[in-house]
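Trainee: Take this structure, written in structure tokens, and hold onto it; I'll ask about it next.
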Amino acid sequence: MTDSSSAQPHSVPSTETAWLDIPDLVEVLGLSHSRVRQLIEDKHLLAVRRDGKISVPASFIRDGSPLGELRGTLIVLADDGFTDEQAMEWLLEVDDSLGVPPIDALLAGRKAEVRRVAQALA
């Protein structure tokens, strides 16, 4: 996990996004604190610091598990040189070529399209 303590709080969209901090994730996922942190470290989830807490958008969780399609996209973005904050911003804001926020496209099953767009950002 990248230390996001220097991130600007306004750099990550907050409107219409429900956020879960580590204790929330422990409860929702039914895992230990250390296992939740490992999911973030291994890029199964993306977290940023918001209001002093490490937080993950609730939309990154589906049926009590991290969204499976998210990890590959996070790896592509990291390979493109995106910081965690930049990746979060891109995932949550409307992308012109997708017509929706990339997380919404992932949730709609458009994984290949999202990753093509992400690769083109390099």
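Just so you know, all these numbers are worked out from the coordinates, no wet-lab data involved. None of the values given here were measured: they were computed from a predicted structure.
Trainee: Go ahead and estimate [θ] at 222 nm for the chain from helices alone: -39,500 (n - 2.57) per DSSP H run with n ≥ 4, summed, over the residue count, rounded to 500.
Mentor: On the way: 6 runs with 52 residues, N = 122.
Computed ellipticity for the chain at 222 nm equals -12000 deg cm²/dmol.
Trainee: Then there's this: Return the tail of the calculated pair distribution for the chain, meaning the percent of Cα-Cα pairs more than 20 Å apart.
Mentor: Numbers: 2746 of 7381 pairs.
Roughly 37 percent, once rounded to a whole number.
Trainee: Under 5 Å between amide hydrogens, which residues at least 5 positions from residue 20 or on another chain qualify, with H placed 1.01 Å from N in the peptide plane?
Mentor: Amide H neighbours of residue 20, under 5 Å, 5+ apart: 56, 58.
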